[in-house]
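Notes for the one structure printed next.
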Amino acid sequence: MANTDRRAGASVESERAHEQTHDDMQECIEECLNCHAVCTMTLQHCTASGGDLTEVNLLGVLLDCAEICQTSANFMLRGSPYHVITCGACAELCRACEEACRAVHGEDQLAHCADVCAGCAEVCDRMSQMGSDG
């Protein structure tokens, strides 16, 4: 009987861990999709505004960040075991994009983009570590 109780307890713990992993992944997918949208809108804002906001490195990192966020979300949505790799790359690019956006002063859209990128980087960092927990 004690063996059955231990197995039942382990099963409940396993189910909780699975639910937490699912919740963490869902949060990461949502952060990535939001970051993709915000970086894309910020890229459009910069292009339309012209001047210093069309600096090639800024536009490049916005585009890179938007693309890797979309790719990372896609990997997680289809359950790819390689999502830990894309999430790691996504976190790195989000931090680079955050830094580039924060370097531009007096632009609310870029400040907002930096905040969104920072949040996405944090969640993607956690998700990229999930593959090394076992």
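The values are calculated or read from the model by the stated rules, or taken from the named source; none is laboratory data. Worth saying up front: this structure is predicted, and the values here are computed from it rather than measured. Neighbour counts are summed over all protein chains in view; Cβ atoms, including those assigned to glycine, are modelled from backbone coordinates with ideal geometry.
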Checklist entry - So which residues in region 83-134 are modelled with pLDDT of 95 or more and among the acidic types (Asp, Glu)? => result Glu92, Glu98, Glu99, Glu107, Asp108, Asp115, Glu122, Asp125
Checklist entry - Of the residues Gly88, Gly119, which single one is in contact (Cβ under 8 Å) with a residue 60 or more places away in the chain and closer than 20 Å to Asp24 by Cβ? => result Gly119
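Could you check region 59-72 and list, in sequence order, the residues that are of a type in the set (Ser, Thr, Tyr) and within 9 Å of the chain's Cα centre (by Cα)? Spell out how you get there, then give the answer.
So the first thing to find is which residues in region 59-72 are of a type in the set (Ser, Thr, Tyr), and the list is 71-72.
Once the filter is applied, which keeps residues that are of a type in the set (Ser, Thr, Tyr) and within 9 Å of the chain's Cα centre (by Cα), region 59-72 yields only Ser72.
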Checklist entry - For region 35-58, which residues satisfy the criterion of being within 19 Å of the chain's Cα centre (by Cα) and free of Cβ contacts under 8 Å to residues at least 40 places away in the same chain? => result His36, Ala37, Thr40, Leu43
Checklist entry - Do we find that His83 is in contact with a helix residue (DSSP H, G or I) (Cβ under 8 Å, 6 or more places away or on another chain), surrounded by fewer than 16 Cβ atoms within 10 Å (Cβ to Cβ) and touching a residue at least 12 places away in the same chain (Cβ under 8 Å) in this structure? => result no
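Consider Ala37 carefully, then state whether it is assigned to a helix (DSSP H, G or I) and crowded, with 16+ Cβ neighbours inside 10 Å. Steps first, answer last, please.
On the way: assigned to a helix (DSSP H, G or I): yes; crowded, with 16+ Cβ neighbours inside 10 Å: no.
No.
Looking at region 87-103, which of its residues are of a type outside the set (A, V, I, L, M) and surrounded by fewer than 24 Cβ atoms within 10 Å (Cβ to Cβ)?
Taking region 87-103 as the starting set, the residues that turn out to be of a type outside the set (A, V, I, L, M) are 87-88, 90, 92, 94-95, 97-99, 101-102.
Scanning region 87-103 gives Gly88, Glu92, Arg95, Glu98, Glu99, Arg102.
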Item to check | Criterion (surrounded by fewer than 23 Cβ atoms within 10 Å (Cβ to Cβ) and under 9 Å from the mean Cα position of the chain (by Cα)) met by exactly one of Gly106, Gly119 | outcome: Gly119
Item to check | Total residues in region 40-80, condition over 18 Å from Cys113 (Cα atoms) and either loosely packed, with under 15 Cβ neighbours inside 10 Å or among the basic types (Lys, Arg) (or both) | outcome: 5
Next on the checklist: The conditions are (1) farther than 13 Å from Cys39 by Cβ; (2) surrounded by 15 or more Cβ atoms within 10 Å (Cβ to Cβ); (3) out of contact with any helix residue (DSSP H, G or I) (no Cβ under 7 Å at 6 or more places or on another chain); (4) charged (D, E, K, R), and Asp125 fails exactly one of them. Which is it?
Outcome noted: (3)
